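To keep things clear, I will list the structure first and then write my remarks on it.
The values are calculated or read from the model by the stated rules, or taken from the named source; none is laboratory data. The model shown is predicted, which means the values in this text are computed figures rather than measured ones. Cβ placement follows ideal geometry from the backbone for every residue including glycine, while neighbour counts extend to all protein chains displayed. These accessible areas exclude ligands, DNA and RNA; they are computed on the full protein's heavy atoms, side chains included. Shrake-Rupley method; radii C 1.70, N 1.55, O 1.52, S 1.80 Å.
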Amino acid sequence: MKTVCLVGRPNTGKSSLFNRLIHERKAIIADTPGVTRDRLYGHVEYNNKVFSLIDTGGIDLENIDFNENIKMQAEIGIEEADTILFVVDGREDLTLNDQAINKMLMKTNKRVILVINKIDAPTLEDNMLNFYELGIEEMITISVENKRHINELLDLITNDMEDYTDLPKSHVCRFSIIGRPNVGKSSLVNAILGEDARQIVSDVAGTTRDSSDTEFVYEHEKYVVVDTAGMRKKGKIYENIEKYSLLRSLQAIENSDVCVVVISAEEGIIEHDKHIVEYALEAHKAIVLVVNKWDLVDNKDQAIKEWKKKIENEFQFIPYIDVVFLSALTKSRIHTLMPAIIKAYSAYTREIGTSILNDVVRDAVNLHEAPSYRNRRLKIFFVHQTDTCPPKFTFNVNDKALVHFSYYRYLENKIRESIDLEGTPIILQFKNRSDDDE
């Protein structure tokens, strides 16, 4: 999957464009320059093409003290990108800051598309002439606010990308080991592979600086395990190399089928463990939760009951995950991990028969109808699975605006009660029946 990075000085509309392309309000938008400080990540699908999108903070090279961290974040995004969208304000003249950013981009030898934003009408098209001296061959005028030329921009971005429906589907389960520094991720990889020297293992937090892939065979099937760098809190990431390691870890998540989230039985659950799980959730990946360093726990039978209760309370937003208790160091209970990963992967790739799915939903509706809203009630005509990895179910309804969040959760729970989808998120999409007639 190719990666596209948005770059430019503050307040040119990068974050608005990011939100427009990913169809979410993920980036914070304000008129104050410098609001977006850290990189944001999203996925864009367009005409059977798919790519990762990175939003970076506005680079103001005239204000080094305030923007050194932002500049570093942008440099990391640029390093990872295949294509760079250089966003400028088409209602303003070319600035020294624009020229300085352009020089920085030219040194990368990467594909750069100049995106001239805020061109709201054809009468403003001549503003493009102000930016010719940058020497960028690929240029396009757009208006994010008015949705002008957005599809033309997407055509330009994706013209060298393969149609993902034509790409060969991998049947090899790929899982990444993610978590905070020093929770035992590399030791766990070694235990899985049975090779003590495969990864560098150390008590010093942050030994693993990059992601590394290893193919292995388990019960006559091939798998790929990915060891990743420890994911620190953003406020504790100081070194450039650690920022780059975080980006590599996030990319490893994006490229995985299953994320094995490791927490430490010695330290317990902390807030950042939840944030790391959320990275996997945002990428729509299957999840297995591992409580490592189980050899340090006394009265293990009682401890498992207490830990399960803690996990149920702390991870209420993922009640469907499997939890494995083990010690990577002593390899105690290590045999329970691969079956949990395989089960999550099976659910992640599962295809459900249409008749089964409709029977389940029909029973759920008969048991509990959707609440009425302004004398109108949601009607579900038909449901079928439209994707896997994770499973996606599309409901044909009378009016998708009548789907309340609580009823969404009710339908999801009823599907899970009848169909074993442990370990994987599922997506429910609602589509008006009238849309099919247009």
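Within segment 274-293, which residues are outside any helix (DSSP H, G or I) and touching an Asp or Glu at 6+ places or on another chain (Cβ under 8 Å)? Give the derivation first.
Step one: of segment 274-293, the residues outside any helix (DSSP H, G or I) are 283-293.
Of everything in segment 274-293, those that are outside any helix (DSSP H, G or I) and touching an Asp or Glu at 6+ places or on another chain (Cβ under 8 Å) turn out to be ALA283, LYS285, ALA286, VAL288, LEU289, LYS293.
Could you list, in sequence order, the residues of segment 103-113 that are outside any loop (DSSP other than H, G, I, E, B) and either of a type in the set (Asp, Glu) or touching a strand residue (DSSP E or B) at 6+ places or on another chain (Cβ under 7 Å) (or both)?
LEU105, ARG111, VAL112, ILE113
Only one of these is open to solvent by 20 Å² or more (accessible area, probe 1.4 Å), at pLDDT 90 or above and either over 16 Å from VAL324 (Cβ atoms) or more than 23 Å from the chain's Cα centre (by Cα) (or both): ASN292, ASN299. Name it.
Numbers: ASN292 fails: open to solvent by 20 Å² or more (accessible area, probe 1.4 Å).
Criteria check complete, one pass: ASN299.
Working only within segment 386-397, note down all residues that are in contact with a strand residue (DSSP E or B) (Cβ under 8 Å, 6 or more places away or on another chain) and open to solvent by less than 50 Å² (accessible area, probe 1.4 Å).
Passing the criteria: PRO390, PRO391, PHE393, THR394, PHE395, ASN396, VAL397.
When you scan segment 320-438 for helices (runs of 4 or more DSSP H) that lie fully inside it, which ones turn up with 2 or more residues that are out of contact with any helix residue (DSSP H, G or I) (no Cβ under 6 Å at 6 or more places or on another chain) and acidic (Asp, Glu)? It would help to see each step written out before you state the result.
Numbers: elements: 337-348, 354-367, 405-418, 433-436.
Fully inside segment 320-438 and qualifying: 354-367, 405-418, 433-436.
Select the strands (runs of 3 or more DSSP E) contained entirely in segment 155-242, then report the ones holding at least 1 residues which are modelled with pLDDT of 50 or more and either surrounded by 21 or more Cβ atoms within 10 Å (Cβ to Cβ) or on the phi > 0 side of the Ramachandran plot (or both).
On the way: elements: 173-179, 212-218, 221-227.
It comes to 173-179, 221-227.
If only one of LEU421, LEU428 is open to solvent by less than 30 Å² (accessible area, probe 1.4 Å) and either in contact (Cβ under 8 Å) with a residue 40 or more places away in the chain or out of contact with any Leu (no Cβ under 9 Å at 6 or more places or on another chain) (or both), which one is it?
On the way: LEU428 fails: either in contact (Cβ under 8 Å) with a residue 40 or more places away in the chain or out of contact with any Leu (no Cβ under 9 Å at 6 or more places or on another chain) (or both).
Exactly one of LEU421, LEU428 is open to solvent by less than 30 Å² (accessible area, probe 1.4 Å) and either in contact (Cβ under 8 Å) with a residue 40 or more places away in the chain or out of contact with any Leu (no Cβ under 9 Å at 6 or more places or on another chain) (or both), namely LEU421.
State all residues of segment 86-98 that are assigned to a helix (DSSP H, G or I) and open to solvent by 60 Å² or more (accessible area, probe 1.4 Å); if no residue qualifies, say none. I'd like the intermediate steps shown before the answer.
Step one: filter segment 86-98 for residues assigned to a helix (DSSP H, G or I), giving 96-98.
Within segment 86-98, just LEU96 meets the criteria.
With the structure loaded, tell me whether THR83 is surrounded by 14 or more Cβ atoms within 10 Å (Cβ to Cβ), touching a helix residue (DSSP H, G or I) at 6+ places or on another chain (Cβ under 6 Å), at pLDDT 80 or above and polar (S, T, N, Q) or whether it fails that test. Reasoning before the result, please.
Numbers: surrounded by 14 or more Cβ atoms within 10 Å (Cβ to Cβ): yes; touching a helix residue (DSSP H, G or I) at 6+ places or on another chain (Cβ under 6 Å): no; at pLDDT 80 or above: yes; polar (S, T, N, Q): yes.
Spelling it out, it is not the case that THR83 is surrounded by 14 or more Cβ atoms within 10 Å (Cβ to Cβ), touching a helix residue (DSSP H, G or I) at 6+ places or on another chain (Cβ under 6 Å), at pLDDT 80 or above and polar (S, T, N, Q).
Go through (1) without any contact (Cβ under 8 Å) to a residue 60 or more places away in the chain; (2) among the basic types (Lys, Arg); (3) in contact with a strand residue (DSSP E or B) (Cβ under 7 Å, 6 or more places away or on another chain) for ARG362 and report which single condition fails.
The one condition ARG362 does not meet is (3).
Could you go through segment 256-265 and let me know if any residue there is open to solvent by 40 Å² or more (accessible area, probe 1.4 Å) and either modelled with pLDDT of 95 or more or out of contact with any helix residue (DSSP H, G or I) (no Cβ under 8 Å at 6 or more places or on another chain) (or both).
no
Might you let me know whether segment 362-385 holds any residue that is surrounded by fewer than 17 Cβ atoms within 10 Å (Cβ to Cβ) and within 25 Å of ILE321 (Cβ to Cβ)?
no
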